[in-house]
1. Could you tell me the distance between the Cα centroids of the range 57-125 and the range 15-54, to the nearest Å?
2. Check cross-link reach from LYS20 to the aspartates and glutamates: straight Cα distance under 13 Å, and skip same-chain residues fewer than eight apart.
3. Is the chain rounded, prolate or oblate when judged by the Cα gyration tensor, a ≥ b ≥ c being the square roots of its eigenvalues, rounded requiring a/c under 1.5 and prolate requiring a/b larger than b/c?
4. Which residues does a label at MET59 reach in the range 75-102, if reach means a backbone N under 18 Å from a point 7 Å past the Cα toward the Cβ?
5. What does the helix-only formula give at 222 nm for the chain: each DSSP H stretch with n ≥ 4 adding -39500 (n - 2.57), the total divided by the residues, and the result rounded to the nearest 500 deg cm²/dmol?
6. Can you sort MET97, MET37 so the residue with the fewest Cβ neighbours within 10 Å comes first?
7. Using mean Cβ contacts within 10 Å as the protection proxy, how do 61-68, 72-79 order, highest first?
8. For LYS22 paired with MET97, estimate the spin-label separation in nm (one decimal), with each label point 7 Å from Cα along the Cα-to-Cβ line.
Amino acid sequence: MENVSKLEAALNGLCPRCRKGKIFCKPFYSPRGFDDMYEFCPHCGLRYEVEPGYFIGAMYVSYAISGGVALALGFLLFYLANDPSGWVYATVVAIAMLLIAPINFRISRVIWLHYVAGIKYIKGL
């Protein structure tokens, strides 16, 4: 993959420094191990967790994604289901949060690595 943009690398879960190595070991839909990350980039050797607790900041990204999904679902239920009772909102949002958890986990870490961490892309690495 030559000349991969930052957005393409983030969408494909590639290393922010070389944009070639994968960040996660298994696909997100694998029943076990959706959260298994490589410790180092398989291509360039970048250590993904720069320091202990490094990905705690990714929880804020995850929280924002979850809040946005919950808000969108709330609006959809309000307008398309004629404002159902509170338990319907709670049930739908809770089920949605469980279903998107593996995707949300990965997206938040990838966003953290690519857009917040300050890791610079090194062309040709």
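1. If we compute the Cα centre of each part, the gap is 20 Å.
2. GLU2, GLU8
3. On the way: a/c = 2.59, a/b = 2.35, b/c = 1.10.
Since a/c reaches 1.5 and a/b is larger than b/c, the shape of the chain is classed as prolate.
4. 98, 101-102
5. Numbers: 3 runs with 55 residues, N = 125.
Roughly -15000 deg cm²/dmol at 222 nm, from the helical runs in the chain.
6. Numbers: MET97 14, MET37 18.
Least crowded to most crowded, the residues run MET97, MET37.
7. Details: 61-68: 14.8, 72-79: 12.2.
Going from most to least packed, we get 61-68, 72-79.
8. 3.0
Just so you know, all these numbers are worked out from the coordinates, no wet-lab data involved. Since we're looking at a predicted model, the values are computed, not measured. In this analysis, Cβ positions are derived from the backbone assuming ideal geometry, glycine residues included, and neighbour counts consider all displayed protein chains.
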